[in-house]
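The values are calculated or read from the model by the stated rules, or taken from the named source; none is laboratory data. As the structure is a computational prediction, the values presented were derived from the model and not from experiment. In this analysis, Cβ positions are derived from the backbone assuming ideal geometry, glycine residues included, and neighbour counts consider all displayed protein chains. Heavy atoms of the whole protein, side chains included, go into the accessibility calculation; ligands, DNA and RNA do not. Shrake-Rupley method; radii C 1.70, N 1.55, O 1.52, S 1.80 Å.
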Amino acid sequence: SLESERGFWLPRKRSVAFFARQRKFGARASARGRDGRTDGRTGAVVFPNPREERGEYASRDRAQSMSGEANKSDDDNMSGKIHVEEITTSNGGRGGVHALNIEMAGAGEGNGEQERKIDVAEGEEGAIYPDKDGKTLFDRHYLGTGKPVPPYVGLQNRVSAVTWVELFAMQQLPAWRPVITPAQVVLTLVGMGVAMLAIGIGCTVSTMGVVQVSENYSQLSPPQSQTVFTNDQKSRYLRENGGYNVTVDLRIEKDMEPPIYAYYELTNFFQNNRRYVRSVSPQQLAGLPTSLDNLKLLCEPMLYVGGALNDSYPEDGQISPCGLQAWSYFNDTFSFTRLEGAAAAGPEEGAATAINVDDSQISWPTDKSFLYGNVTAENFNVYPEYRGGGTVAKPLNQEQHFMVWMRLSAKPNFWKLWGVIDQKLFAGDVVRVSVLNQFNTYDFNGKKSIVLSTNSWLGNKNYFLGALYLAVGGLFIIVGLLFQIAYWFKPRGFADEMHLSWNRNSGVTSTS
């Protein structure tokens, strides 16, 4: 016999003839009543058979009764076992008959054993296998009945066999087990594909309505230069002179409806660097008391002017706000002018009108309310030889550009909001941007650009999401159609057993 170490042992390959033999055996077992025996070799309770009825096991049973193994205390009453026996046919054929046997060992009268046996009656299709309601023979005899259930074979310490973990592992929890047909598969794939195509088209159309113009101004040399500066020359010029003015023109190709957002773009700037991310004191930014040791841990080497305490500077040179994030504060400035229509083609200065850019509410409201306090900057980027970026004149919770900069980017190429334009720009207009170029990106080969963009319900111009939905939707539809074509050419009936591997190998014909 074969015993299960973790519950029911299920055969891997069984034919229709096996289930017929199984039901036939169950009918015989039911007709014989509740008489069973304990197999001395395996300890399992099996159904009566002709050999047992002839008394071949009588001597063995008497020996077991005399051995005293059945005389156990009440604490061992739950040391019973659940077995699934396979009785092989006498002709040596493939397959066999399964029977569910449960024994409860404990103190008792007579032979000292309490036996519990589940008969497989005629009409209980599948026996230990789930019926049409998803219930097994074990479920029907034990679940919800209040009967004591012994543990599985091999489990000790009275572990219950009916716990939700075991039932989940055996896939016997109440569940919806739909039977998926080829038509349902095809309809599901095609329906999901059509839905994704609709979403993808909506995302793409929305993105196509976004108007965006940009121009790189970091490539421009100082206005008085006779040659094109290299990055090293530009970096040295910024360190020696503090910055220089450049002008870039943004030509509007399509009408831009307000609100129009002005951004600056940086490339190759890793704000997600681990040391950079940690180099800030949130308590100091919020105006909360913090110890000097904590500031040293977080902010060094940007805690003191020059890197060390120096009493020649106010507050002994201590920087507030400290850290690399604040020290590298972006300090380029922009002013915008609109050249209308024909004036955009010539140098007529009288046709130029200034564009008002609102930067009063460009930071997150929660940043202003919770992250930044009424903190005045001290020794912050005011000494040119130690300057890393811009400085601030207002309290931190009023410096909108500073709060935008401190909202770190996850990628090395990013945009940050500079302001909002509340007037319409028409096709053919030119927006002239005067830039004070001060922020040094030339040492790490970074680029700086100015960007004007409208928005949609998805944000800025980005075709990735729409293209992804279109690609996946198209793939679903193609796969669904291929499934349908394959089913047309090679149909197969529902529950056709001829497609089982053991039936294909043995040449069993279809019963459907």
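Structure data summary
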quantity: Lone qualifier among 188, 230 - being among the polar types (S, T, N, Q), more than 30 Å from residue 253 (Cβ to Cβ) and under 27 Å from the mean Cα position of the chain (by Cα); calculated: 188
quantity: Complete set of residues in region 395-428 that are in a loop (DSSP other than H, G, I, E, B) and over 19 Å from residue 328 (Cβ atoms); calculated: 395, 422, 423, 424, 426, 427, 428
quantity: Single residue of region 377-394 satisfying the filter (free of Cβ contacts under 8 Å to residues at least 24 places away in the same chain and either in contact with a helix residue (DSSP H, G or I) (Cβ under 6 Å, 6 or more places away or on another chain) or part of a loop (DSSP other than H, G, I, E, B) (or both)) that is surrounded by the most Cβ atoms within 10 Å (Cβ to Cβ); calculated: 387
quantity: Scope region 463-502; condition over 30 Å from residue 204 (Cα atoms) and part of a helix (DSSP H, G or I); matching residues; calculated: 485, 486, 487, 488, 489, 497, 498, 499, 501, 502
quantity: Matching residues in region 351-366 - criterion: being in contact with a helix residue (DSSP H, G or I) (Cβ under 8 Å, 6 or more places away or on another chain), over 16 Å from residue 418 (Cα atoms) and without any contact (Cβ under 8 Å) to a residue 60 or more places away in the chain; calculated: 351
quantity: Which listed residue is in contact with a Leu (Cβ under 6 Å, 6 or more places away or on another chain) and not charged (D, E, K, R), from 276, 313, 237, 329; calculated: 276
quantity: Of residues in region 162-191 being under 29 Å from residue 491 (Cα atoms) and not in a helix (DSSP H, G or I), the one most open to solvent (accessible area, probe 1.4 Å); calculated: 176
quantity: Selection count where residues are at pLDDT 90 or above, part of a loop (DSSP other than H, G, I, E, B) and touching a Ser or Thr at 6+ places or on another chain (Cβ under 8 Å), scope region 318-367; calculated: 5
quantity: Qualifying residue in region 395-407 (condition: touching a residue at least 60 places away in the same chain (Cβ under 8 Å) and open to solvent by 40 Å² or more (accessible area, probe 1.4 Å)); calculated: no
quantity: Criterion: among the hydroxyl-bearing types (Ser, Thr, Tyr) and modelled with pLDDT of 95 or more - qualifying residue of 290, 227, 267; calculated: 267
quantity: Candidate set from region 429-454 (those that are assigned to a strand (DSSP E or B) and among the polar types (S, T, N, Q)); member that is farthest from residue 385 (Cα to Cα); calculated: 453
quantity: Any pair with Cβ under 8 angstrom, 6 or more apart, that starts in region 428-448 at a residue that is over 17 Å from residue 222 (Cα atoms) and ends at one that is of a type in the set (Gly, Ala, Ser) and open to solvent by 10 Å² or more (accessible area, probe 1.4 Å); calculated: 428/341; 428/344; 429/341; 429/344; 430/344; 432/352
quantity: Strands (runs of 3 or more DSSP E) wholly inside region 192-294 that include at least 3 residues being open to solvent by 50 Å² or more (accessible area, probe 1.4 Å); calculated: 212-216, 244-251
quantity: Residue match in region 432-449 (condition: of a type in the set (Gly, Ala, Ser) and surrounded by fewer than 17 Cβ atoms within 10 Å (Cβ to Cβ)); calculated: yes
quantity: Check on residue 215, under 27 Å from residue 467 (Cα atoms) and of a type in the set (Asp, Glu); calculated: yes
